[in-house]
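Here's the structure, in structure tokens; my notes come after.
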Amino acid sequence: MTQPATAWMKAQVQKGNDRTRLTLPDADLSNKWVVISGANNGIGRHAAIKFAAWGANMVLACRDAPAKEVHPTEVVAECREAALQQGHANSVIEWWQVDYTELKSVEEFAQKWLQTGRALDLLLNNAGIGSSPGGSSVFKTKDGFEIIHQVNFLSHVLLTLRLLPSLAKSRAPRIVCTTSSYHYLGDFNLQNCNGELGSPGHEGVNYYKNNKLWFQVWLTELQSRMLHRPEYQHITINGVHPGFVNSGIWNLNNTESWLTTAKRIWVKLNAYFYGISEEQGSLALLKAATCIEAGPDPQVQSVGEDGGKGGGRYFSRFSDEIPMPQAHDSDSRQSLWIKVNDELKLREKGLLDILGFDPIS
């Protein structure tokens, strides 16, 4: 597969820096159920508050936040107030704890949801980190994966596959994944998912770019495979770049050194002067969740490359854009599907055979 010209990739990244002030019409989400991860900070917090104002029932999927972050209980209170102001006094809004650095925690969250028996209308895979606490060294989770790889990608994969049966119960379910225009700068090399080969000088930044690329490719493959399963054909999944947002995602996690401090100041200054607000960034998630057209047959979504207006696409803020070519390359998609299966042991967990998603079919 031919790699696009560097100029084209840089131009696509630059599209993601658009600072146009956008607006979005209100939606009616009364009686709908929403699960949104990373909802206690940044764009996730603002999206959650708006979902509440639109009448949604909601579960905020968040970790027990440290003191430097807004605690999920505060956001639950904000959401309930927004719901009350719009006359949705009976909305159910809860915080369920989940830690994306631990796959066991993700499994427990999924099982808790499935035990409710509810249909899930909207799943927003929004949680993420911008840098590694290991700095220039690979930092691995308890599960043995590089931390950005697990938090920004693998945990989303696991939760999405676990919740597919619940999503299938909804009339028009949607999955929205926060990707990034940085996916254009990612390296697709699947031999370096966990720092095996290193990324000298820019470890955290490169892992972030790589995982956003893998996420966009994976979700496109998932949409394609769901179209072959009648019980999942009506589920839509898309990747969304919210814009260059001035948010906490740019707080570097690694140990403070003079170089780290300088990087942090430089990044934060750029976000302050050139980024958009968290509220503006959240609109991209809200639009993908409520406003994107379905395919020609409203009962069956259709992948964009087949002429439909359904899932498997990449949006830069509100704009429907062409993702990196790996997203439309069957060999790349299949190799990633197999890699993820190997890492998460999806077949052993019954998440491939039962669903019919054989990694080599």
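Yes or no: Asp28 within 30 Å of His328 (Cα to Cα), in contact (Cβ under 8 Å) with a residue 24 or more places away in the chain and out of contact with any helix residue (DSSP H, G or I) (no Cβ under 8 Å at 6 or more places or on another chain)? Walk me through it before giving the result.
Working: within 30 Å of His328 (Cα to Cα): no; in contact (Cβ under 8 Å) with a residue 24 or more places away in the chain: yes; out of contact with any helix residue (DSSP H, G or I) (no Cβ under 8 Å at 6 or more places or on another chain): yes.
No.
Under the condition of being of a type in the set (Lys, Arg) and either touching a helix residue (DSSP H, G or I) at 6+ places or on another chain (Cβ under 6 Å) or assigned to a helix (DSSP H, G or I) (or both), which residue from segment 89-148 is nearest to Met58 (Cα to Cα)? Before the answer, list the steps.
Pass one, segment 89-148, residues of a type in the set (Lys, Arg): 104, 112, 118, 140, 142.
Filter once more, keeping what is either touching a helix residue (DSSP H, G or I) at 6+ places or on another chain (Cβ under 6 Å) or assigned to a helix (DSSP H, G or I) (or both): 104, 112.
Details: Lys104: 22, Lys112: 14 Å.
The selected residue is Lys112.
Among the candidates Gly243, Gly201, Gly195, single out the residue that is open to solvent by less than 40 Å² (accessible area, probe 1.4 Å), modelled with pLDDT under 90 and assigned to a loop (DSSP other than H, G, I, E, B).
Working: Gly243 fails: modelled with pLDDT under 90; Gly201 fails: open to solvent by less than 40 Å² (accessible area, probe 1.4 Å).
Exactly one of Gly243, Gly201, Gly195 is open to solvent by less than 40 Å² (accessible area, probe 1.4 Å), modelled with pLDDT under 90 and assigned to a loop (DSSP other than H, G, I, E, B), namely Gly195.
Filter segment 1-41 for residues that are over 23 Å from Leu158 (Cα atoms), small (Gly, Ala, Ser) and open to solvent by less than 60 Å² (accessible area, probe 1.4 Å) and give the result. Show your work before the answer.
Of segment 1-41, the ones over 23 Å from Leu158 (Cα atoms) are 1-31.
From the residues that got through so far, the ones that are small (Gly, Ala, Ser) too are 5, 7, 11, 16, 27, 30.
Selection gives Ala11, Gly16, Ala27, Ser30.
Evaluate segment 50-67: report whether one residue or more is part of a helix (DSSP H, G or I), open to solvent by 20 Å² or more (accessible area, probe 1.4 Å), modelled with pLDDT of 95 or more and within 19 Å of Pro173 (Cα to Cα).
Yes, because at least one residue in segment 50-67 is part of a helix (DSSP H, G or I), open to solvent by 20 Å² or more (accessible area, probe 1.4 Å), modelled with pLDDT of 95 or more and within 19 Å of Pro173 (Cα to Cα).
May I ask you to list the residues in segment 125-150 that are under 20 Å from Val340 (Cα atoms) and either open to solvent by less than 10 Å² (accessible area, probe 1.4 Å) or in contact with a strand residue (DSSP E or B) (Cβ under 9 Å, 6 or more places away or on another chain) (or both)? Show your work before the answer.
First pass over segment 125-150, keeping only residues under 20 Å from Val340 (Cα atoms): 125-129, 138-150.
Once the filter is applied, which keeps residues that are under 20 Å from Val340 (Cα atoms) and either open to solvent by less than 10 Å² (accessible area, probe 1.4 Å) or in contact with a strand residue (DSSP E or B) (Cβ under 9 Å, 6 or more places away or on another chain) (or both), segment 125-150 yields Asn125, Asn126, Ala127, Gly128, Val138, Phe139, Lys140, Glu146, Ile147, Ile148, His149, Gln150.
Kindly provide the set of residues from segment 1-35 that are over 23 Å from Ile322 (Cβ atoms), out of contact with any Asp or Glu (no Cβ under 9 Å at 6 or more places or on another chain) and among the charged types (D, E, K, R), ordered by number.
Matches in segment 1-35: Arg21, Asp26, Asp28.
So, of the residues in segment 163-192 that are part of a loop (DSSP other than H, G, I, E, B) and over 20 Å from Phe153 (Cβ atoms), which turns out to be modelled with the highest pLDDT?
Looking only at segment 163-192, we keep the residues that are part of a loop (DSSP other than H, G, I, E, B), and these are 169-173, 179-180, 186-189.
Of the ones still in play, those that are also over 20 Å from Phe153 (Cβ atoms) are 169-173.
Values: Lys169: 96, Ser170: 93, Arg171: 89, Ala172: 87, Pro173: 92.
Once the filter is applied, the top-ranked residue is Lys169.
Just name the residue that is modelled with the highest pLDDT out of those in segment 218-237 that are in contact with a helix residue (DSSP H, G or I) (Cβ under 6 Å, 6 or more places away or on another chain) and closer than 28 Å to Asn189 by Cβ.
Here the residue is Trp218.
Which condition number in (1) in contact with a Gly (Cβ under 6 Å, 6 or more places away or on another chain); (2) at pLDDT 95 or above is the one that Thr255 fails?
For Thr255, the exception is condition (2).
The values are calculated or read from the model by the stated rules, or taken from the named source; none is laboratory data. Keep in mind that what you see is a predicted model, and the values were worked out from it rather than measured. No Cβ is skipped: glycine too gets one built from the backbone with ideal geometry, and neighbour counts run over all protein chains shown. These accessible areas exclude ligands, DNA and RNA; they are computed on the full protein's heavy atoms, side chains included. Shrake-Rupley method; radii C 1.70, N 1.55, O 1.52, S 1.80 Å.
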